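Remarks on the structure that follows.
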Amino acid sequence: MSQDTINFSYISQIFTMTMGVTLASTAISALAGLPLGYLLSVKNGKIANAMRSVTTAMTGIPPVVAGLCMYFIITRGGPLGGLRLLYTPPAMVLAQLIIVIPVIAATAYPAFMRAEQEIRETCAGLRIPKRKIFRLLLRECRPACVSSVMTGFGRSISEVGAVMLVGGNIAGRTRVMTTAVLTETGRGNYAGAVLLGGFLLFVTIGLNLLAGRLRREK
């Protein structure tokens, strides 16, 4: 990709792929990570402590290791090789789940832990069914939940190693903003890399400002 081909169509294509993969992985991770964070906040004992330690440790997993694990799962000889997911957007989403779910769970459970006891006592006094506790907890801890999800989103949209390993950085198919920046830099097209990087930064800051507004709303 030469410098003169860094145009609106190219950026639009990469941006669409980036947001599709990032939003899918963040949404699925939130659906899994927030309930996991809740379980980590209410369970006690050695197993629960071990789960909290493992989840916290997983927040620092190197993305390329997550990508490598997913690569062996979905490659032709792997357990899911028959699905032919390698070098496709779904493979990129799956790799990011390994990275983002622990981030959301580990950042959410301290807030759940602080609010859970009070909400449980309130529910017991008002005879509110236990199945509604998690819903009430989400409402009470909405700012913390939004922060956790946005932290996961930031980790997802900035990821390079895992998506390149399982996605292949194929132009028009699996190339996203971060891998495009890396590609253009490697080709010596620094102007194009700066343009793509600046656009990615603009989008990320804009979405975080929107999340900040959601955190402040009652």
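What follows is calculated from the coordinates using simple rules that are stated; it is not laboratory data. Because the structure is a prediction, the values reported are computed rather than measured. Every residue, glycine as well, gets a Cβ built from its backbone with ideal geometry; the counts of neighbours run over all protein chains shown.
In whole percent, what relative contact order does the stretch 16-175 give with Cα contacts below 8 Å and a gap of six or more residues?
Details: 210 pairs, mean separation 60.6, N = 160.
The normalised contact order for the stretch 16-175 reaches 38 percent.
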**Fill in**
Of 29-38, 97-106, ordering from highest average Cβ density within 10 Å down gives 97-106, 29-38
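Only sites in a loop by DSSP and with at most 14 other Cβ atoms within 10 Å count here; which trypsin sites (Lys or Arg not before Pro) in the stretch 75-120 make the cut? All intermediate terms of the calculation are to be shown ahead of the outcome.
On the way: sites: Arg76, Arg84, Arg114, Arg120; in loops: Arg76, Arg84.
Here the trypsin sites (Lys or Arg not before Pro) that fit, given the DSSP loop and packing criteria, are Arg76, Arg84.
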**Prompt:** Hey, how many Å between the Cα centroid of the stretch 166-218 and the Cα centroid of the stretch 27-91?
**Reply:** 23
**Complete:** Projected onto the charge dipole of the chain (unit charges on the beta-carbon of Lys, Arg, Asp and Glu, signs +1, +1, -1, -1), the Cα from Leu39, Ser25, Leu94 with the largest positive-side position is that of Leu39
**Asked** In a shell of Cβ-Cβ distance under 15 Å around Gly167, excluding Gly167 itself, what net charge do Lys and Arg (+1) and Asp and Glu (-1) give?
**Response** +2
**Request:** Provide the packing ranking of 16-23, 148-155, i.e. peptides ordered by the mean count of other C-beta atoms within 10 Å per residue, highest first.
**Result:** 148-155, 16-23
**Message:** For the stretch 16-175, place one equal point scatterer on every Cα, skip the solvent, and apply the Debye formula. What is log10 of I(q)/I(0) at q = 0.09, 0.12, 0.20 Å⁻¹?
**Reply:** -0.35, -0.57, -1.14
**Message:** Sort 140-147, 176-183 by the packing proxy (mean of other Cβ within 10 Å over each peptide's residues), most packed first.
**Reply:** 176-183, 140-147
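Count the net charge of all other residues whose Cβ sits under 15 Å from the Cβ of Pro89, scoring Lys and Arg as +1 and Asp and Glu as -1.
On the way: positive: Arg84, Arg173, Arg175; negative: Glu159.
Result for the neighbourhood of Pro89: +2.
Tell me the trypsin sites (Lys or Arg not before Pro) within the stretch 1-69 that lie in a loop according to DSSP and have at most 13 other beta-carbon atoms within 10 Å. Each step should come with its number before you reach the end.
Values: sites: Lys43, Lys46, Arg52; in loops: Lys43.
Within the stretch 1-69, the qualifying trypsin sites (Lys or Arg not before Pro) (loop, at most 13 other Cβ atoms within 10 Å) are Lys43.
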**Prompt:** Within the chain, which DSSP H helices have Cα atoms that stretch 20 Å or more along the helix axis and a mean Kyte-Doolittle hydropathy of at least 1.0?
**Reply:** 8-42, 190-216
**Fill in**
Out of Gly82, Gly45, Gly60, a Gaussian network model of the chain with alpha-carbon springs under 10 Å gives the largest mean-square fluctuation to Gly45
